[in-house]
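A.B. asks: I have a structure I would like to understand better, so I am pasting it below and will then ask my questions one at a time.
The values are calculated or read from the model by the stated rules, or taken from the named source; none is laboratory data. The shown structure was predicted, so the numbers you read here are calculated from the model rather than taken from an experiment. Here Cβ is always computed from backbone atoms with ideal geometry, including for glycine, and neighbour counts include all displayed protein chains. Note: accessible area is taken over every heavy atom of the protein model, side chains too, but ligands, DNA and RNA are not part of it. Shrake-Rupley method; radii C 1.70, N 1.55, O 1.52, S 1.80 Å.
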Amino acid sequence: MANYVGAYLIRGGDIHFHALLLQLEKEGVTRTGSPDLYARSYRKFGVDESHDIVSRARTRPVDLKHRVFVMHIPGITTEAQNALLKTIEEPAANALFFIVTPSPEMLLATVRSRVQPMELNLKKIASS
């Protein structure tokens, strides 16, 4: 897997979510059956979902170097962002987050400042 660290923010929708999963699979992160890959597409991401992610991020990876979280989040509550903030700010050494959202501007400034923007080249991913 490439040298990813921390948390990444990708502007995009469902197609970007799936393209990212395809790219990660090409880099050795298995989509099906891997206990270390948590990939979900949410309608609305609330505080309960955030607590679930925080809890999962605290566990050690089983098969991979990292626990990988790929989340498509078109909408997220302020409470959920605040609950995720510490985990994104200081992720466990073995946790890696990818947040795909159509509107990064909806995220709190504190959240946006703690994630690295990432662009996906959909054409390159599709052709490789």
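A.B. asks: Identify all residues within segment 56-88 that are out of contact with any helix residue (DSSP H, G or I) (no Cβ under 8 Å at 6 or more places or on another chain) and closer than 28 Å to GLY33 by Cα; write none if there are none.
C.D. replies: ARG56, ARG58, THR59, ARG60, PRO61, VAL62, ASP63, LEU64, LYS65, HIS66, ILE73, PRO74
A.B. asks: Test VAL68 against the stated conditions and say whether it is β-branched (Val, Ile, Thr), open to solvent by less than 40 Å² (accessible area, probe 1.4 Å) and not in a loop (DSSP other than H, G, I, E, B).
C.D. replies: Criteria met by VAL68.
A.B. asks: Considering only residues that are in contact with a His (Cβ under 6 Å, 6 or more places away or on another chain) and open to solvent by less than 50 Å² (accessible area, probe 1.4 Å), look in segment 1-60 and name the one that is nearest to ASN82 (Cα to Cα).
C.D. replies: Once the filter is applied, the top-ranked residue is ILE10.
A.B. asks: For segment 41-65, give me the residue count where each residue is part of a loop (DSSP other than H, G, I, E, B) and either modelled with pLDDT under 90 or touching a Pro at 6+ places or on another chain (Cβ under 9 Å) (or both).
C.D. replies: The qualifying residues number 11.
A.B. asks: Find the residue count for segment 81-128, including only residues that are touching a His at 6+ places or on another chain (Cβ under 7 Å), under 19 Å from ARG58 (Cβ atoms) and at pLDDT 90 or above.
C.D. replies: Counting residues in segment 81-128 that are touching a His at 6+ places or on another chain (Cβ under 7 Å), under 19 Å from ARG58 (Cβ atoms) and at pLDDT 90 or above gives 2.
A.B. asks: Which one of these does GLU119 not meet: (1) on the phi > 0 side of the Ramachandran plot; (2) touching a residue at least 40 places away in the same chain (Cβ under 8 Å)?
C.D. replies: Failed condition: (1).
A.B. asks: Please state which of the following conditions LEU22 fails to meet, knowing it meets all the rest: (1) farther than 30 Å from SER127 by Cβ; (2) part of a helix (DSSP H, G or I).
C.D. replies: (1)
A.B. asks: Could I ask something else about it? Take the conditions over 25 Å from LEU120 (Cα atoms), open to solvent by 30 Å² or more (accessible area, probe 1.4 Å) and of a type in the set (Asp, Glu) and apply them to GLU79. Does it pass?
C.D. replies: yes
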